[in-house]
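To start, the structure itself, in structure tokens.
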Amino acid sequence: MATLKGKILFITGASRGIGLAIAVRAARDGARIAIAAKTTEPHPKLPGTIYSAAEEIRNAGGEALPIPCDIRFADQVETAVAQTVAAFGGVDICVNNASAISLTPTLETSVKMFDLMNHINYRGAWLVSRACLPHLLKAETPHILNISPPLNLNPRWFERHTAYTIAKYNMSLLVVGLAEELKGKIAVNALWPQTIIATAAIRNLRGQEAFNSCRNPEIVGDAAHAILTKGRDFSGNFLIDEQVLREDGVEDFIPYACAPGEPLQRDLFLDA
């Protein structure tokens, strides 16, 4: 069975949610994981810190390196990657998960929020990928995985939140570019959930009741594992979590539902 045992993962935004689920799944194989995120103290609306995440990773069987890092700043990114290499000896896998979201029309999107989404979502993903690149090029099975959607130019996905859509699609354009630039050297792919995922962001945007139509983050963690255990020639793909797992032999998705039996809501950017 394919495994991430001994692999070194650098994951942004891994103190909670999808990033943490990817980290914990890798930890079950015995992976070594750098948690690069901003949250060092408990937040009233965002559960989890880099230190609580590190504890979960260790409890799952992996090694953890919690690193305070704001990926908007190149010096912090470069320092975080250097700390990872010093502690673990390299980087095999870069997961660009950190993201900012505001589902607001233009007049309700502040300039500050516009800048935040662009600086974290695609500029941050570019900075992190760039900093990891020299080490990935030395790895045996290197991967870059962006948690970003397939590029869908249906105007409905721009209508209500143009700024967020552009910021998120730029993460996906980065996948297109890096996959071609690094063809045969590093696998570069994007992963996106088929349904909305029960995260703190969803709770803050839509309330706790929204979880009834969600799957839990573990489905994305399992799908990421299936991708990251493939070879470097599996590259340039825009992948959906359920599709990945079905192709991997999974047939029962009920355990992933937060409220089994309740209808699930399709995620953004995926036409029916």
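The modelled label-to-label distance between residue 266 and residue 183, using points 7 Å beyond Cα along the C-beta direction, is 3.2 nm. Checking [x] 45, 43, 39; [y] 56, 37, 35; [z] 81, 42, 32 against Cα extents along the principal axes in Å calculated from these atoms, the matching label is [x]. Charges were assigned to the Cβ only: +1 to each Lys and Arg, -1 to each Asp and Glu. The resulting dipole of the chain about its Cα centre is roughly 440 debye.
The spread of Cα positions in the stretch 175-258, taken along each principal axis and listed from longest to shortest, comes to 45, 29, 13 Å. Using just its DSSP H runs of length 4 or more, each adding -39500 (n - 2.57), the chain gives a mean residue ellipticity at 222 nm of -12000 deg cm²/dmol after division by all residues. Label-to-label distance for residue 208 and residue 78 is 4.6 nm, based on points extended 7 Å past Cα in the beta-carbon direction.
The mean accessible area for residues of the stretch 69-159, using a 1.4 Å probe and ignoring ligands and nucleic acids, is 48 Å² per residue. Top mean-square fluctuation among 185, 45, 230, Gaussian network model of the chain, C-alpha springs under 10 Å? Top of the fluctuation ranking is 45.
By a 1.4 Å probe calculation restricted to protein chains, residue 246 has an accessible surface near 120 Å², given to the nearest 10. Cross-link partners for residue 45 among the lysines, with Cα-Cα distance under 24 Å and sequence neighbours closer than 8 places in the same chain left out: 112, 168. Full extension of the chain between residue 243 and residue 86 gives 52.8 nm of extra length, using 0.36 nm per residue less the Cα-Cα distance. Here the stretch 121-232 is assigned +1 on the Cβ of each Lys and Arg and -1 on the Cβ of each Asp and Glu. Its dipole about the Cα centre then comes out at about 180 debye.
When a 1.4 Å probe is rolled over the protein heavy atoms, the share of accessible surface on the chain that falls to carbon and sulfur comes to 52 percent.
The values are calculated or read from the model by the stated rules, or taken from the named source; none is laboratory data. Source: prediction; values computed, not measured. Glycine also receives a Cβ, built like all others from the backbone with ideal geometry; neighbour counts cover every protein chain displayed. Calculation scope for accessible area: heavy atoms of the full protein, side chains included, ligands and nucleic acids excluded. Shrake-Rupley method; radii C 1.70, N 1.55, O 1.52, S 1.80 Å.
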